[in-house]
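Trainee: Before I ask anything, let me first share the structure, which is written out below as structure tokens.
The values are calculated or read from the model by the stated rules, or taken from the named source; none is laboratory data. For clarity, every value in this text was computed on a predicted model and none was experimentally measured. A quick note on method: Cβ atoms are made from the backbone with ideal geometry, for glycine too, and the neighbour counts reach across all protein chains shown.
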Amino acid sequence: MRLKFAMVAALPNVSGCNSVTFQPIVGTFMAKHSKSAARKNGGHDGESRLAGYSGPALLVSADGGGIAANRKGRALQALLDQNTAADLKGLIQQAAAERGMVSGNVSFSGARGDVLLEITIIPQPDDIMFLVLARDLTMERNLRSALVESRQRYKDLVEVSSDFAWEIGPDKTFVFVSPRGALGYTPEDLVGVRPDKIVIDAKNYTPLPFLSDWPMEDVEMWLTKADGSLACVTVSCLPLVGDKGEWRGARGICRDVTDERRRQQALNQAHHREQLLNHIVRSIRDEVEPLNMLTAAAAATARALGAKGCRIYRKVMAEDFVSAAEYGEGKCPEPIKKMLEGLATDSGYNNGALVKETGGLHVMATQTHYRQSANGGICMWKTADDGPWDADSRILIDDVANQLGIAIEQIANHERIVKLSRTDSMTGLLNRRAFLEEELPRHIDRLSRSGRFAGLFYLDLDNFKLVNDAHGHHVGDEVIIALRDLMIEYSRPGDVMARLGGDEFAMWLDGIPENVARGRAEALVKAGETLHRFSGDDDHPLGLSVGVAIYDPNAGESLEDLLARADAAMYDVKRTGKGGYEIAPPPGSAA
């Protein structure tokens, strides 16, 4: 009994139903030790378990009597009950006699023709029930027959078909052409005509296949069609030989492969464009610095398309295209920017590259997009001697523009991230890290070579906490913004400003001696009186304390010491009454 169960559990998939499906059935009926018990209790439970099988499934006794059946199996059980399924009953009896699994094919006649079923009989552990699984092979058989017939028909058609058959007579003219004609000619048009009249560069063929004195196969050549256009054909021929071995003509067939060659040419061109595009894309991706991506793209694109020059634009505002990278010889024609701006809403332009001749140059330009929004453009130019841009170039520049649209967006994201990492979110000024670790070292290095002085200003608000306590933090934010505006008003374009944190700010002014720094500090403190309107109370007015350290490149002072001098000068002002400024003593002097 254990051996039989193992054989059932190890059965392979049958039409999508595996052993896991059958094991619950086996387990249910192993507990029933008699045929009568199985008939009494197995029907309803067996039907629910057989329902998972996609084809007809039955549980029957050795004589074919029904115990359970799924929906599709009921018709098969009815045939057994009516004794009209002798072959099926024979398989059941064979399984009962051999006590093993039996398979076979059974055919039934139906209203729509013969039905062929593959039957598998699986004895159950109690040897009184048998699981019958059926799979419909009718469609498979019909499809196989239709496929065989279709293959034979296709083979026959291929063997007998050709674009046209022909025969050349001893006078080296056509004496026969297929009744349907060829290449737009009727048979009457070609009979009596020499083949070299329709063959392009017939003298280049030795021999001409139509006049060959030995067999030839699939010789490719170009012929003139009746409408004057060209057709590529492959020619196969057999020579005709007389009784004495003399050449009497030739017979053969021609197959028109024009469309195939054009498709192949298009594929070759597409492959070539893909190689160029991959080269350009690699040039962009190999750049570590995002800002160098566009320069690399301009150079790679110009070289790939044989252009004299290439310029890439970025769109920084609604309609403002700004040059971001350029490569090559000559000067990009000025109308290009106007073309990009003026035709930005032209649907015809947005659907592909625009090609124009201007200033003695052939110019090609198109926009770059990201998420269906224009974010830049690319233009290329070459001289009139180089000839106009071809269709391949127009396709390629559109492909390049798609990649550039992504690259430009990446650069914009990089710039946004850099800006966020360097600036204070509230004021837009530099943050502490960017000011102290990036800007000041760069300025000091430059001044150490030029020998010029500079001033470091530390600014701190007086009585700022009272503003927040009395009026709330939203007013405190207004104060911070007001101080930022004040600093911008009293600074030059080259000056560097930062918010170091809270109400503490800093300014770096290149190229100013002490007397100028003193005047600037005095002006800042005076302007700080405009902040009194935000004061927390009249006894503690909001004001500004400023400490200034003059940088002397000849003093050999470290950045840390310079910062400490400016900070100390500012706190000296705080200790002596606030609302003023102080110039820090030179490095190395007594405080």
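Trainee: For the list (1) of a type outside the set (K, R); (2) at pLDDT 85 or above; (3) surrounded by fewer than 17 Cβ atoms within 10 Å (Cβ to Cβ), I need the number of the one condition that G330 fails.
Mentor: Exception for G330: condition (2).
Trainee: Taking the options L466, L447, L459, name whichever one is surrounded by 19 or more Cβ atoms within 10 Å (Cβ to Cβ) and among the aliphatic types (A, V, I, L, M).
Mentor: Working: L466 fails: surrounded by 19 or more Cβ atoms within 10 Å (Cβ to Cβ); L447 fails: surrounded by 19 or more Cβ atoms within 10 Å (Cβ to Cβ).
The conditions single out L459.
Trainee: From the list S103, S107, exactly one residue is of a type in the set (S, T, N, Q), surrounded by 11 or more Cβ atoms within 10 Å (Cβ to Cβ), at pLDDT 90 or above and more than 46 Å from the chain's Cα centre (by Cα). Which is it? Quick ask: steps written out before the conclusion?
Mentor: On the way: S107 fails: at pLDDT 90 or above.
Exactly one of S103, S107 is of a type in the set (S, T, N, Q), surrounded by 11 or more Cβ atoms within 10 Å (Cβ to Cβ), at pLDDT 90 or above and more than 46 Å from the chain's Cα centre (by Cα), namely S103.
Trainee: For the range 558-591, name all the residues that are over 60 Å from the mean Cα position of the chain (by Cα) and exposed (fewer than 13 other Cβ atoms within 10 Å of the Cβ).
Mentor: Within the range 558-591, R575, T576, G577, G588, S589, A590, A591 qualify.
Trainee: Go through the range 440-523 and tell me which helices (runs of 4 or more DSSP H), entirely inside it, have 2 or more residues that are under 30 Å from H540 (Cβ atoms) and touching a residue at least 60 places away in the same chain (Cβ under 8 Å).
Mentor: Details: elements: 440-450, 464-471, 473-489.
In the range 440-523, the matching helices (runs of 4 or more DSSP H) lie at 464-471, 473-489.
Trainee: Same structure again: Where residues in the range 368-397 are in contact (Cβ under 8 Å) with a residue 12 or more places away in the chain and in a helix (DSSP H, G or I), which of them is farthest from H272 (Cα to Cα)?
Mentor: The qualifying residue farthest from H272 (Cα to Cα) is A384.
Trainee: Before we move on, is V257 farther than 22 Å from I411 by Cα and surrounded by fewer than 20 Cβ atoms within 10 Å (Cβ to Cβ)?
Mentor: On the way: farther than 22 Å from I411 by Cα: yes; surrounded by fewer than 20 Cβ atoms within 10 Å (Cβ to Cβ): yes.
It is true that V257 is farther than 22 Å from I411 by Cα and surrounded by fewer than 20 Cβ atoms within 10 Å (Cβ to Cβ).
Trainee: Tell me which of these V175 doesn't satisfy, since it passes every other one: (1) of a type in the set (A, V, I, L, M); (2) assigned to a loop (DSSP other than H, G, I, E, B); (3) closer than 15 Å to R248 by Cβ.
Mentor: Going through the list (1) of a type in the set (A, V, I, L, M); (2) assigned to a loop (DSSP other than H, G, I, E, B); (3) closer than 15 Å to R248 by Cβ, V175 breaks only (2).
Trainee: Out of D460, D399, D390, I need the residue that is closer than 16 Å to A298 by Cα and of a type in the set (D, E, K, R). Which one?
Mentor: On the way: D460 fails: closer than 16 Å to A298 by Cα; D390 fails: closer than 16 Å to A298 by Cα.
Sole residue among the options that is closer than 16 Å to A298 by Cα and of a type in the set (D, E, K, R): D399.
Matching residues to (1) of a type outside the set (G, A, S); (2) under 25 Å from D243 (Cβ atoms):
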{"residue": "D163", "(1), (2)": "yes, no"}
{"residue": "D171", "(1), (2)": "yes, yes"}
{"residue": "G181", "(1), (2)": "no, no"}
{"residue": "L211", "(1), (2)": "yes, yes"}
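Trainee: Quick check on the range 33-40. Is at least one of its residues modelled with pLDDT under 85, assigned by TED's automatic domain parsing to the domain that holds P123 and of a type in the set (A, V, I, L, M, F, W, C)? Reasoning before the result, please.
Mentor: Taking the range 33-40 as the starting set, the residues that turn out to be modelled with pLDDT under 85 are 33-40.
Narrowing the set further to residues that are assigned by TED's automatic domain parsing to the domain that holds P123 leaves 33-40.
Keeping just the survivors that are of a type in the set (A, V, I, L, M, F, W, C) gives 37-38.
Yes, some residue in the range 33-40 is modelled with pLDDT under 85, assigned by TED's automatic domain parsing to the domain that holds P123 and of a type in the set (A, V, I, L, M, F, W, C).
Trainee: If A365 satisfies all but one of (1) more than 26 Å from the chain's Cα centre (by Cα); (2) not in a helix (DSSP H, G or I), what's the number of the condition it fails?
Mentor: Result: A365 fails condition (1) only.
Trainee: If you don't mind, there's one more thing I want to ask. Do we have any residue at all in the range 182-189 that's assigned to a loop (DSSP other than H, G, I, E, B), over 46 Å from the mean Cα position of the chain (by Cα) and buried (at least 16 other Cβ atoms within 10 Å of the Cβ)?
Mentor: Let us first name the residues in the range 182-189 that are assigned to a loop (DSSP other than H, G, I, E, B), namely 183-184, 186.
Pick out the ones that are also over 46 Å from the mean Cα position of the chain (by Cα) and you get 186.
Filter once more, keeping what is buried (at least 16 other Cβ atoms within 10 Å of the Cβ): none.
No, there is no match, as no residue in the range 182-189 is assigned to a loop (DSSP other than H, G, I, E, B), over 46 Å from the mean Cα position of the chain (by Cα) and buried (at least 16 other Cβ atoms within 10 Å of the Cβ).
Trainee: Does any residue of the range 250-262 turn out to be over 28 Å from A391 (Cα atoms) and small (G, A, S)?
Mentor: Residues of the range 250-262 over 28 Å from A391 (Cα atoms): 250-255.
Filter once more, so that each one left must be small (G, A, S): 250, 252.
Yes - at least one qualifying residue is present in the range 250-262.
Trainee: Scan the range 407-436 for residues that are outside any loop (DSSP other than H, G, I, E, B) and over 25 Å from A298 (Cα atoms) and jot them down. Don't jump to the end; show me each part of the working.
Mentor: First, the residues of the range 407-436 that are outside any loop (DSSP other than H, G, I, E, B): 407-423, 430, 432-436.
Scanning the range 407-436 gives K419, L420, S421, R422, T423, L430, R432, R433, A434, F435, L436.
Okay, residues lined up against (1) in contact with a helix residue (DSSP H, G or I) (Cβ under 7 Å, 6 or more places away or on another chain); (2) surrounded by 15 or more Cβ atoms within 10 Å (Cβ to Cβ); (3) under 24 Å from E289 (Cβ atoms):
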| site | (1), (2), (3) |
| --- | --- |
| Q372 | no, no, no |
| G377 | yes, yes, yes |
| W381 | no, yes, no |
| A384 | no, no, no |
| W389 | no, yes, no |
| L396 | yes, yes, no |
| G405 | no, yes, yes |
| H414 | yes, no, yes |
| L420 | no, no, yes |
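Trainee: Now for a separate question. Any idea which of (1) crowded, with 16+ Cβ neighbours inside 10 Å; (2) in contact (Cβ under 8 Å) with a residue 60 or more places away in the chain is the one E409 doesn't satisfy?
Mentor: Of (1) crowded, with 16+ Cβ neighbours inside 10 Å; (2) in contact (Cβ under 8 Å) with a residue 60 or more places away in the chain, only one is false for E409: (2).
Trainee: Could you list all residues from the range 147-176 that are on the phi < 0 side of the Ramachandran plot and modelled with pLDDT of 90 or more?
Mentor: Of all residues in the range 147-176, those on the phi < 0 side of the Ramachandran plot come to 147-171, 173-176.
Residues satisfying the conditions are W166, E167, I168, G169, P170, D171, T173, F174, V175, F176.
Trainee: Okay, next question. Counting only residues that are touching a residue at least 12 places away in the same chain (Cβ under 8 Å) and in a loop (DSSP other than H, G, I, E, B), how many does the range 69-83 have?
Mentor: 3
Trainee: How do the pairs read when you match residues in the range 251-270 that are among the hydroxyl-bearing types (S, T, Y) with residues anywhere that are part of a strand (DSSP E or B) and surrounded by 12 or more Cβ atoms within 10 Å (Cβ to Cβ), using Cβ under 6 Å and keeping only pairs 6 or more apart or on different chains?
Mentor: Cβ pairs passing all conditions: T258/A231; T258/C232.
Trainee: Give S283, S229 a once-over and let me know the one that is out of contact with any Phe, Trp or Tyr (no Cβ under 7 Å at 6 or more places or on another chain), free of Cβ contacts under 8 Å to residues at least 40 places away in the same chain and surrounded by 13 or more Cβ atoms within 10 Å (Cβ to Cβ).
Mentor: S283
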